[in-house]
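Visitor: One structure, as structure tokens, below. Some questions next.
Values quoted throughout were computed directly from the atomic coordinates according to the rules given, and no laboratory measurement underlies them. Here the structure is a predicted model, which means the values were calculated and not measured. Cβ placement follows ideal geometry from the backbone for every residue including glycine, while neighbour counts extend to all protein chains displayed.
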Amino acid sequence: GYYSRDFCLLTVRHGIVFFLFVFMIKQATVVRKLCKAIQEKRLVQFYYESKTSDKKEWRTVEPYLIGLRKKDGHLILSGWFVPTKEQLSEKQEPKQKLYLIERIDKDEIKVLPKTFTRLRVDSRKIYQTPTLEILCRVEF
């Protein structure tokens, strides 16, 4: 059939808007789960696709904060990575890491019963964050 150029552009725009809407819903689901875990000081486990190493694997993390990075608009999770024995054998060290929320699978995230009782990083990295707009943050 015949479609006008304007109709095709409108359809493409609607497709992009729909994609962005679905993308935002997925991120909102992840943020809601993570903020609840942060509030309750509970560890989380999620399936993550690293942008830097191209690794796709489960990560266990003490979640400390979620913020909007001002320089690029990315939602990030900051927390303490707790590697498995296998990850330790691959030289993955326990340390503070940043995770892009968009790379956390919303269907593969678990809030664990285990809790944490202190920060394992300098508190300034959590409470003095001028480069982030904070959505939720652990309180001690």
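Visitor: Find how much the distance from Thr117 to Glu133 grows on full extension, using 0.36 nm per residue of separation minus their present alpha carbon separation; answer in nm with one decimal.
Guide: Numbers: separation 16, 0.36 × 16 = 5.76 nm, distance 2.44 nm.
Once the chain is fully extended between Thr117 and Glu133, it gains 3.3 nm.
Visitor: For Trp58 paired with Asp105, estimate the spin-label separation in nm (one decimal), with each label point 7 Å from Cα along the Cα-to-Cβ line.
Guide: Distance between label points: 1.1 nm.
Visitor: For the cross-link pairs Lys51/Lys114; Lys51/Lys71; Lys56/Lys110; Lys26/Lys125; Lys51/Lys106; Lys55/Lys106, which exceed 19 Å when the distance is taken from alpha carbon to alpha carbon?
Guide: Correct reply: Lys51/Lys114; Lys26/Lys125.
Visitor: Please work out how much length the chain gains when fully extended from Lys91 to Lys36, using 0.36 nm per residue of separation minus the C-alpha to C-alpha distance, in nm with one decimal.
Guide: On the way: separation 55, 0.36 × 55 = 19.80 nm, distance 3.06 nm.
Between Lys91 and Lys36, full extension yields an extra 16.7 nm.
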